[in-house]
Structure formats: C-alpha cells, structure tokens
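> Input: one structure, supplied below.
The values are calculated or read from the model by the stated rules, or taken from the named source; none is laboratory data. As the structure is a prediction and not an experimental result, all values here were calculated from the model. Positions of Cβ are generated from backbone atoms using ideal geometry, with glycine treated the same way; all protein chains shown enter the neighbour counts. Ligands, DNA and RNA are stripped out before the accessible areas are found, and what is left, the full protein with its side chains, is counted by its heavy atoms. Shrake-Rupley method; radii C 1.70, N 1.55, O 1.52, S 1.80 Å.
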Amino acid sequence: LCRLELPTASEAAQVQAASPLPEQVRAVVDVLAGKGSHASQSLQSFIETSNSQLYLHIPVHEPMVQKHLESLQSSCGNGLETGALQRLTNLLLVEGLTDIQQKEHDILQAETTKGLPNVSKSIPLEKLFLPLSKVSIPPRISVTIGVAGIGKSTLVKLFVCSWAKGDINRDIMFVLPLTFRELNTYEKLSAERLICSAFPHITEPGCILAGAARTLLILDGLDEFKTPLDFSNAAVCTDPKKEIQVDNLITNIIRGNLLQEASVWVTSRPAAATQIPSGLVDRMTEIRGFGAAEMKDFLDQMFQDNRDLSSQVLQHIRANRSLHVLCTIPGFCWISGSSIAYFLKHSSDQSQGGTVVPSTLSEIYSYYFKMALSGDWLEKPRETLRTEQAVNTSKKLVGSLGRLAFYGLLRKKHVFYEQDMKAYGIDLSLLHCSLSTRLLLKEDVQASTAYYFSHLTIQEFLAALYYYTAAKRAIFDLFTESGMSWPKLGFLNHFRSAVQRALQAEDRQLDIFIRFLSGLLSPQVNKLLSGWLLVKDEHGGFRSQAISVLQGCLNTDHAISSRAVNTMRCLQEIQHTDTAKAVEEAMRSGSLAGMLTPMNCSALAYLLQVSDVCLEETNLSNCLTYNVCKSLLSQLLFCHSLRLDNNQFKDDVMELLGSVLSVKDCQIQRLR
C-alpha cells in the first residue's frame, strides 16, 4: 500500500484478514476492498499515524513531475546512438563478485577471462527493477558492475532517457540520477537537501522522503567516490532532515534507514563494489563487452566515412589475440582503433623505417599520444597541424597532467577538481585545448568542475611517463609525495622500487602502470616518442638491467599467480620475448617435458591467455609433474578445453583438480 502498488479488491480483502492494522490504515484497506462509500475522497487524503510513523500520500503534484521529466529530457539531448547501445539493453544477471573481480585490475580481469564472462542468465534493461517471478518482490538495492570503459555511465543515461520518454518503468514516478562526482563536492548533507540541491525543481520532496511516490535513486560511479563506505562503523540516522557526512548518508540510504521506500541503483567498477555488503544487495548485474558483430559496428561508426580503413583496423585487432580481447571494452576499443588508424594513415611515410603495427599496450598508447601532441586527429585535415609553440605547450601540459595522474593513482583518485589542478600547477586555461579534451574530460557539478581522464589507462600511461622522466633525476623515493625518504639515486633503483610496489600492492592498481613503465624502455616506443616525450636512444642504458629486475621476480617456486603473468606481460612490453617464444615452440612440438622451470611456468601461464596454440585446446599431455600442476592450477581455470593425459598423476592431483572445478571462476568445459 505504501508503495502505491494499489491491490485489487480481492487482494485488499486478504490484507483485511491479516494481523491487526492501525485504524486509519484499516479505513483505506476497507475502501480498496470495496467496503467504503467515499473511495475517491479517501484515496485523495493524506493519512498519517503518529504512533507507527506510517505515511500514505496519494496525490503528487503533476506540475512538479512534469518539470522533472522536462529536466531529464533536456539533459539527455541527442547524445545517444541507439544502434551502438543495443548491447546495453540486456545485462548479465550475476550472483555476487568472483575472486578475480574482487582482486584484479580491470584490464587483467578482461585478459584472464578472455573477455567472456562465465554467466548464462541475462535480464532486459526494462525489467531491471521488476520482480524476477510472481512470488518475489522488486529489488530495493541493485548494483551494476563493469570494468572501466565498458559503458556504465552510458547505461545510466540510456535508462534515464528511456524512462523520461515513457518507454520503460512507467510505474516509477521519480528517477533521480546522481553521480559520485557530484557527491564529492559536499562534506555534509541530509536526505532532504540531497534531493533539493540536485533537483531544485522538486519543491516538495516530502512525497519522496515519505515513500508516497515510487522513486528510483541512481548513484553512478561508486569507484569515483572520495571516501570509502564503512558499513561497520557508520552511525545510524533515520531523520531525513539531519545533515551528516556524505559517506554516512549513502550507507544509511543503502541500509534502508533513509529513503526506505525508494529503490537504489548503484553502478561501480567491480573491486569498488565490494564496499557494499553482499547481504544488502538484492540484485547484481554486469555489463558485457562487445561481441564480434558489435565490435565491427563500433569501428564502422568510428570511421563511417572510410569503411576500408575500418575493415583494416578490425583486421589488425583480430590478428592480435591479446588486443582483440581488450577491444571488447568500448573505451579501450576507441583508443586502439584511433591508434591503429593513425598508424595506417602514416604507414606509407614510415615504410622505409621498418615500423610495425602497434601490438603492445605501450605501442598503442604511444601512437595515441603522438597523435594527440601533433594534433593530427583523423577527423582533421593535415594542413591544420599545430605550430611548434603549440606542441611545446602541449608537452608541458602532459608533464603536469602526468604528475597529477601518478599521485592520483597512488591515492586511488580518478576524479579531480579545480583546487587539485591548481595544487599541481596545471593552467586551467590550457584545459580547453584539443589535446586536453582527448585526455581529460570535464563535467560541471555543484558550484565546481570535475575533471577525469577519458579512460583509466590514459591516467596510467601519463603516470608512467611522469615516473619515467622524474626517475632519471630524482634523489628521493617518488612514491613519497612529500619527498621525505631515504635517498634513492639512479633510474634503475626507482624502476626496482616501482616493480616491488606493484608486486606488493594488494589492490593490484599498479599493474598496468608498471606495464607501461616497462614499455617505455622498449626500442619501438622510444623510436615513436623520441623528440616528443622521450630522448632518442636513452632507453639503451637501462633496458637490459630492467629486464633482469623483471626476470628476478619470476625465479621463485611459488604458485604461478596473475602477478607472474603480469610480469611476463611487462617483458613483452619491453620487447624481451625470448622466454615466451621458446615455451610456445615447445608447446607446438610437444616437447615441454623437463623444461618447466619457475620462469618457464610463468611464460606458460601467459601463453594460456594469448597464444593461438591454446585457442581451441590446451594440450599439457606428458609434461606436468605434481608440483608444476599445483603451481599452475589458478591459471588452468580459464582453459575451456584442457588435456592433461599421460602425466602419471596420482590421487592427490585429482583432489586438486576437483577443487578447481568447483570454483566460481572456473571456465573449464572439457577435461581429459
């Protein structure tokens, strides 16, 4: 009744027969059951029982609702291309977060699972807030997860626009979309002021606070919130007019102490979603990445004036298995597509120099930044390229943004405000240039402007550029922003420090940063960026020693973890491929037996993710011992078809394999 889901007469009669009700509520139930003579008058009344604090407020001011609809419709604009958003109209229904989602970096999640979520159920967007069956109730707390760049904010915009047009969920009277970027600008808020300040046209929020109008509160981007949610120690607040710390307000809303009758929809990157206790989440969904046809359509839309270029870009992406997996993420696909197209556009000029198609992450981003610095965007004619002075200004801006990116990464900060920009010496007037708009996006929020990098990997590449440049002259540990540390001299000491920090970081947030840092030492990247962001051939003095540092991380007898696989990827970035090539050749020829040292096991684990040899079937026959099998177990989870015959296994290995097959992350479908 309180949610205005008015029952039929027979259903109301059942309510009558239930346990004793307050007198005023009994009167309304009688009316609904057909026993009252003044139904229309009673249904228009406002009933309040002071002893039970139960509210039933039927009339909601139509002009206020109309203003809210108009406000949302105007914010939608024409920014949504329905063809490209078909993927978002069906979400994956998941039962909580997997171990990988809780512990790994977004990019490693995609690489490890090969972009294929281990889920079979889906739910249409229009049914996201409806019961799953006739005997269940609508979810109060819904959480949608997705890696960086997958389209979470786009999904929210799609839902809000569809609802504002009356296409879906017409039973919801108010949809209130908010971002955590906006919430970051407040220190204290009440539930009432939250609604009034974000939606000033809602002049009477009482109907929402009291639950008299079905409301959906959307909180987009939990991973961008400045304060971790602490459900264990948050003070309880039930007064909608009391101002409390914003993080405390959010926890009380999610717990149901405030806005009890409102549905709440939170979007987040997977790791940040662990802040919400699973017992409070009624429904969890996940946004899937591109399928093959969707990736083609996306690239066709990117290069709609040049379909030949689109097909060439797609061909190069498909030829590189690792790159193809990452391009299931739309944000990454856009960066990769732009970089490869830029390479193809200039390949005729570079044919004499032996330049190869960008294949590693560092090469992709080097082309992207070279394109950004020169102003040679694909949609601009070449004669409008920047002057030398403009390029120098852009280089200076990249340096300032790099420092911001690096220390933001250390503090897990991905959204910045004007005071942050000034603190890092960034000239706000330069943030309107073409370069800045490709690297840094901005959004006007309450009495301020929020800035954020166009993709998480852009922040990580900028951070690696800053660290690489600063490490050559720094005399203190760069990970200590205050500069107070033991002296640390020489690039190699700083490189070793960064590798150790990445390996020790529990949240794995430095994994891609260290991959980019390694890539900046590769000859190919130096050739691309020399004269722009790097000094020509300066990498030569550091490269061999950096390779030794990385290899030293692999010579252990411990289980082969995703950290070891990431270290192998760092060696690929630095263009040291000897170990991986030797193991791959042994796999092709069936001669792996006897050569699986700890380093070669790490290479094997890496190849399980990227090699075409393992595409149809992973053949590890006649080459594994008990210890090697045990060390590789966590990586064998993601082989769809696995051959382990003729390995002389005993019962203890069978127990290990049995435990693996029951893990939620396991993708093994055939095992021999």
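> At a Förster distance of 45 Å, what's the computed FRET efficiency of LYS242 paired with VAL356, Cβ-Cβ distance as r, to 0.05?
Details: r = 62 Å, r/R0 = 1.39.
It comes out at approximately 0.10.
> What is the magnitude of the charge dipole of region 73-287 about its Cα centre, with +1 placed on the Cβ of each Lys and Arg, -1 on the Cβ of each Asp and Glu, and no other charges, expressed in debye to the nearest 20? Show your work: numbers first, answer last.
Details: 21 positive and 23 negative charges, 81 e Å.
Once rounded to the nearest 20, the dipole reads 380 debye.
> Now, a different point. How high is the relative contact order of region 292-359, in percent, counting Cα pairs under 8 Å that sit 6 or more residues apart? If you can, show how the numbers build up before the last one.
On the way: 40 pairs, mean separation 18.0, N = 68.
Reported as a whole number, the value is 26 percent.
> Let me ask something else. Taking the Cα centre of the chain as origin, sum charge times position over the Cβ atoms of Lys and Arg (+1) and Asp and Glu (-1), and report the length of that vector in debye to the nearest 20. Walk me through the numbers before you get to the answer.
Values: 64 positive and 67 negative charges, 187 e Å.
For the chain, the charge dipole is close to 900 debye.
> Right, here's the next one. Explain nothing, just the number: relative contact order of region 576-671, from Cα pairs under 8 Å at least 6 residues apart, as a whole percent.
Values: 103 pairs, mean separation 24.7, N = 96.
Reported relative contact order: 26 percent.
> Highest first, please rank the peptides 302-314, 512-524, 396-408 by the mean number of other Cβ atoms sitting within 10 Å of their residues. Don't skip to the answer; put the middle values down first.
Working: 302-314: 16.0, 512-524: 24.8, 396-408: 21.5.
Result, highest mean first: 512-524, 396-408, 302-314.
> Rounded to a whole number, what is D in µm²/s for region 441-549 from Stokes-Einstein with the Kirkwood radius over alpha-carbon pairs (25 °C, 0.890 mPa s)?
161
> Working out 0.36 nm times the residue gap between LYS165 and THR89, then minus their Cα-Cα distance, what length gain in nm do you get to one decimal? Walk me through the numbers before you get to the answer.
On the way: separation 76, 0.36 × 76 = 27.36 nm, distance 1.58 nm.
Working it through step by step, the gained length comes to 25.8 nm.
> Largest first, how would TRP334, TRP163 line up by accessible area (1.4 Å probe)? Don't jump to the answer; show the numbers that get you there.
Numbers: TRP334 85, TRP163 15 Å².
Reading off the accessible areas and sorting them downward yields TRP334, TRP163.
> Return the subset of LYS165/LYS188; LYS67/LYS422; LYS370/LYS442; LYS165/LYS226; LYS114/LYS413 for which the Cα-Cα distance in this structure is over 29 Å, preserving the input order. Walk me through the intermediate numbers first.
Numbers: LYS165/LYS188 33 Å; LYS67/LYS422 37 Å; LYS370/LYS442 22 Å; LYS165/LYS226 33 Å; LYS114/LYS413 27 Å.
Over 29 Å apart, Cα to Cα: LYS165/LYS188; LYS67/LYS422; LYS165/LYS226.
> Could you run the Debye sum over the Cα atoms of region 127-285, one equal point scatterer each and no solvent, and tell me log10 of I(q)/I(0) at q = 0.12 Å⁻¹, two decimals?
Once normalised to I(0) and log-transformed, intensities are -0.49.
> Could you pull the Rg and Dmax for region 292-359, using just the Cα atoms, both in Å?
11.7, 36
> Oh, and also: Set the Förster distance to 22 Å, then compute FRET efficiency between THR577 and LYS536 from the Cβ-Cβ distance, nearest 0.05.
Details: r = 23 Å, r/R0 = 1.05.
Using R0 = 22 Å, I get an efficiency of 0.40.
> So, one more: I'd like to know how region 384-483 sits against the 2.2 N^0.38 Å rule of thumb: what's its Cα Rg over that expected value? Working shown, then result.
Working: Rg = 13.8 Å, N = 100, 2.2 N^0.38 = 12.7 Å.
That works out to 1.09 for region 384-483.
> Using only DSSP helix segments of four residues or longer, with each worth -39500 (n - 2.57), what per-residue ellipticity at 222 nm results for the chain after dividing by its residue count and rounding to 500? Before the final figure, lay out the partial values.
Working: 30 runs with 312 residues, N = 672.
Taken over the chain, the calculation gives -14000 deg cm²/dmol.
> Now for a separate question. Using θ = phi - 60° and the Karplus curve 6.51 cos²θ - 1.76 cosθ + 1.60, what whole-Hz ³J(HN,Hα) does each residue of region 329-335 get, with Gly and Pro shown as x?
Karplus values, whole Hz, x for Gly and Pro: 8, x, x, 6, 4, 5, 5.
> Sticking with this structure for a sec: What is the percent of Cα-Cα separations in region 211-347 that go past 21 Å?
Working: 5311 of 9316 pairs.
The share of Cα pairs beyond 21 Å in region 211-347 comes to 57 percent.
> Follow-up question, since we're still on this one. Using θ = phi - 60° and the Karplus curve 6.51 cos²θ - 1.76 cosθ + 1.60, what whole-Hz ³J(HN,Hα) does each residue of region 68-76 get, with Gly and Pro shown as x?
Here the 3J(HN,Hα) series is 5, 4, 4, 5, 5, 5, 5, 6, 5 Hz.
> When only alpha-carbon atoms are used, what values of Rg and Dmax, in angstrom, describe region 526-594?
Here Rg and the maximum Cα pair distance are 15.3, 47 Å.
> To one decimal place, what orientation-averaged projected area in nm² is obtained for the convex hull of the Cα set of region 588-672? Don't skip to the end; give the middle numbers.
Numbers: hull surface 20.5 nm².
Averaged projected hull area, Cα only: 5.1 nm².
> Using Cα-Cα distances under 8 Å and only pairs 6 or more residues apart, what relative contact order does the chain have, in percent? Could you put the intermediate results ahead of the total?
Details: 992 pairs, mean separation 72.7, N = 672.
After rounding, I find 11 percent.
> Here is a further query. Packing-wise, with mean Cβ within 10 Å as the measure, how do 96-109, 466-479 rank, highest first? Could you put the intermediate results ahead of the total?
On the way: 96-109: 20.4, 466-479: 17.4.
Sorting 96-109, 466-479 by mean packing, highest first, produces 96-109, 466-479.
> Quote to one decimal, in nm, the extra length available between ASN555 and ARG643 on full extension: 0.36 nm per residue of separation minus the C-alpha distance between them. If you can, show how the numbers build up before the last one.
Working: separation 88, 0.36 × 88 = 31.68 nm, distance 2.63 nm.
Gain in length upon complete extension: 29.0 nm.
> When all protein chains stay in place, what accessible area (Å², nearest 10, 1.4 Å probe) is found for PHE225?
20
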